[in-house]
Amino acid sequence: MTSIALISTRHEYHALFAIYVPIAAGVFVVIVVVILSAVLRYRRREPTAVSRRSEHNPLEAGYAALLTATVAFLLYLTFTAEHRVDTVSLRQTPAVTVDVTGAKWEWEFRYPRYGIVQRSGTVGRQPLVVPADRPIRFNLSAQDVIHAFWVNELRFKRDLIPGKTQQVILTFTRIGLFRGQCAEFCGLRHSEMVFNVRVLTPARFTQWAASGGRQGV
Ligand SMILES: [Cu+2]
């Protein structure tokens, strides 16, 4: 095994979520307070002299600076997390490689080392089978139009672009059956472009792979 700690996309996502949501809630409260106070303070009444003041430069500059700083802070956090997932995780030695191809309207999961091909669509909705707690290299590509590989369990979503293969290393930490689906509208049967992810213990995965995928999971 590698000495680099496993990257958990789920953990990275929740760490970002815990920062984004309070900021979004704070912005919402400020907007509601400002709107309500404006509505109450300037509600219809007898006409008085019109104010000659049309702008307040220091206040507006401070507001713009605060907005810019907040956006820069969030972008920094987001890109740092993406960097960890994309770059740092690629230094891990993958235990399994899966070529993932999105096509109208099914997923193909190809395991070159084991000669196994699983298809999510026509042939009995075969699952993507992976071992838990092992880095898995996914080579992501699309055959026809843009699809998106979305596995909510990992909090991972990535657009697949025809003619381009993207590599990403992901790790599942929980054993079980999870859902995946295409998250980019790709045509009439887009909503049927779903798949299951079967996460096994490493020993069970080895058995499954040794049987050429014939042993049921
Ligand atoms: Cu789709």
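The values are calculated or read from the model by the stated rules, or taken from the named source; none is laboratory data. None of these values were measured; they are calculated from a predicted model. FYI the Cβ positions are ideal-geometry reconstructions off the backbone, even for glycines, and counts take in every protein chain you see. Accessible surface is based on the protein model in full, side chains and every heavy atom, while ligands, DNA and RNA are left aside. Shrake-Rupley method; radii C 1.70, N 1.55, O 1.52, S 1.80 Å.
When a 1.4 Å probe is rolled over the protein heavy atoms, the share of accessible surface on the chain that falls to carbon and sulfur comes to 60 percent.
Tell me the relative contact order for the range 136-198 as a rounded percent, counting alpha carbon contacts under 8 Å between residues six or more apart. After rounding, I find 35 percent. Kirkwood-based Rg over Rh for the range 77-165 (C-alpha set), two decimals? The Rg/Rh ratio comes out at 0.97. Here the range 1-74 and the range 76-154 have alpha carbon centers that stand 36 Å from each other. Between PRO162, MET193, GLN118, the Cα set farthest toward the positive side of the dipole of the range 83-217 (charges on each charged residue's Cβ, about the Cα centre) is that of GLN118. Here the range 118-217 is treated as a Stokes sphere of Kirkwood radius computed over C-alpha pairs; at 25 °C and 0.890 mPa s its diffusion coefficient rounds to 172 µm²/s.
The angle between the Cα long axis of helix 57-83 and the longest principal axis of the Cα atoms of the chain comes to about 10 degrees, rounded to the nearest 10.
Entry note, the chain: relative contact order of 20 percent, from Cα contacts under 8 Å with a spacing of 6+ residues. Using the Kirkwood radius over Cα pairs, work out the Stokes-Einstein diffusion coefficient for the chain at 4 °C and 1.567 mPa s, in µm²/s as a whole number. My calculation gives 63 µm²/s for D.
With a Förster radius of 22 Å applied to the C-beta separation of THR93 and LYS164, the computed FRET efficiency comes to 0.35.
P(r) for the range 20-140, from all Cα pairs and a bin width of 5 Å, is 2, 8, 9, 11, 10, 8, 8, 7, 7, 6, 6, 6, 5, 4, 2, 1, 0 %, short bins first. A cut-off under 14 angstrom between Cβ atoms defines the neighbours of GLN215, and their net charge, with Lys, Arg +1 and Asp, Glu -1, is +3. Sparse packing (at most 13 other Cβ atoms within 10 Å of the Cβ) combined with a DSSP loop state is found for the following chymotrypsin sites (Phe, Trp or Tyr not before Pro) in the range 113-217: PHE185.
Taking the square roots of 5 times each eigenvalue of the Cα gyration tensor of the range 57-100, largest first, gives ellipsoid semi-axes of 41, 9, 4 Å. Summing charges over all other residues whose Cβ lies under 13 Å from the Cβ of MET193, with Lys and Arg as +1 and Asp and Glu as -1, gives 0.
For the range 80-178, the set of trypsin sites (Lys or Arg not before Pro) satisfying both a DSSP loop assignment and a count of at most 16 other C-beta atoms within 10 Å is given as ARG113, ARG125, ARG155, LYS164, ARG174. For the chain, a crude dipole built from +1 on the beta carbon of Lys and Arg and -1 on the beta carbon of Asp and Glu, taken about the Cα centre, is about 380 debye to the nearest 20.
Averaged per residue, the range 14-76 has 94 square angstrom of accessible surface, using a 1.4 angstrom probe with ligands and nucleic acids left out. Taking every DSSP beta bridge that has both ends in the range 90-208, the antiparallel portion is near 70%. Filter the trypsin sites (Lys or Arg not before Pro) in the range 6-52 down to the DSSP loop ones having no more than 11 other Cβ atoms within 10 Å, then list what survives. Listed in order of number, the matching sites are ARG43, ARG44, ARG45, ARG52. Counting 0.36 nm for each residue step from THR173 to THR70 and taking away their Cα separation leaves a gain of 33.8 nm. Of ILE169, ILE116, ILE35, the residue with the greatest mean-square motion in the GNM of the chain, using alpha carbon springs below 10 Å, is ILE35.
What is the local net charge at ARG158, summed over the other residues whose Cβ is closer than 11 Å to its Cβ (Lys, Arg +1; Asp, Glu -1)? Every neighbour counted, the sum reads -3. With respect to the chain, whose longest principal axis is taken over its alpha-carbon atoms, helix 9-41 is tilted by about 20°.
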